[in-house]
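Below you'll find the structure, written out as structure tokens, and then a few comments.
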Amino acid sequence: LEENTEVAYNLDTPPDFKYSQELQKIVNEVVRLTAAKGLPKKPLSITLIDAKTGETAGYQQDTPRYPASVVKTFWMAVLYSQIESGIWKNEEDFTPYIAKMIKESDNEAASYIVDQITATRSQPRLKSEKFKSWKNRREQVNRFFREAGYKRINVSQKTFPLYYLNLPEPRGSESQMLSRPAWNPNRITTRQAARLMYEICYLKTAVSQEASQKMCDWLERDLNPKAWQDPDLYAFNPVRGFLGQSLSKTNVSFHSKAGWTSRSRAEMAMVSTGDDKATYILAVFGHSPRYSNSVDIFPQISRLVYKRMTARDTKPESKPIAVFNLPNVN
């Protein structure tokens, strides 16, 4: 274990998005859809970004919520930043772990990566001085993002169960971390999740262009039903019941990280149409057992947004009329 693994994100300010009333109408339609399906609005957050224009809109998109396994994308960004900083000499050592963490959402691979990037281990309860130093190291993942304008984000808690450590739930140093000073689970806003997806897969500016390309490749999902309908796929299916499912008959390239627990369903995704007409980012967090139990709501949301975003981009553009003759009006 490296003792000092602290690195800084190469980006220190959020992208300059423009609020769009047109996108807001789409988001409002999504909120109405969830209400019509009898799902509660209070635990729902949505962020929608038209990647090509930088326009955005959302619903409760600055409310920090438990992101389930969406958090794993954030750990991947820290890891690649450390690899590029030369903290790790051999990127290949991590490849099988990244594959399992991102492709299969495997908690044990994620736990290993969190240990490496923070130079910590899950331990029995620690005495206060030791715990303070342990907690400080673990929290470097928060500093990495907070200093880049991801305000109040918390990505320092592992995802459970971790059977290889005999931890079906947080115990020892993990539960110390979780309950100090008050209950402190991972919390991310949909705006933050959408921003990271935009930086990795659209701008390709997260860490570096090369690192972004690698991370984006990990996040790619095969929407061909043959690929995701296999019942033996993994314990966690990142397409079925999520945003990709309803796009499986479309010609899109799809990148995502989904998360699911008994109390939440969450996902960040980038959708690009085959003709490259539309590229958009959609992040949806539903933090309630009602969302967790609904296998249809994310596919329905995704289908609606896809229809609106593709229609939006195929409108004939009105030709500007002799713009150069217009007086300069401020």
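The values are calculated or read from the model by the stated rules, or taken from the named source; none is laboratory data. Since the structure is predicted, the reported quantities are computational estimates derived from the model, not experimental observations. Here the Cβ positions follow ideal geometry from the backbone for every residue, glycine too, while neighbour counts run over all protein chains shown. In case anyone asks, the SASA skips ligands and DNA or RNA and just uses the protein heavy atoms, side chains included. Shrake-Rupley method; radii C 1.70, N 1.55, O 1.52, S 1.80 Å.
Data table
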read-out	value
Every pair of residues 6+ apart whose Cβ atoms lie under 6 Å, when the first sits in the stretch 158-171 and is touching a residue at least 60 places away in the same chain (Cβ under 8 Å) while the second is assigned to a helix (DSSP H, G or I) and of a type in the set (A, V, I, L, M)	Thr159/Ala110
Residue ranges of helices (runs of 4 or more DSSP H) in the stretch 4-107 with at least 3 members among the aromatic types (Phe, Trp, Tyr) and within 23 Å of Ile153 (Cβ to Cβ)	71-84
Sole exception among (1) touching a residue at least 40 places away in the same chain (Cβ under 8 Å); (2) open to solvent by 50 Å² or more (accessible area, probe 1.4 Å) for Gln176, by number	(2)
Residue ID - farthest from Phe242 (Cα to Cα), chosen from residues in the stretch 264-314 that are basic (Lys, Arg) and at pLDDT 95 or above	Arg308
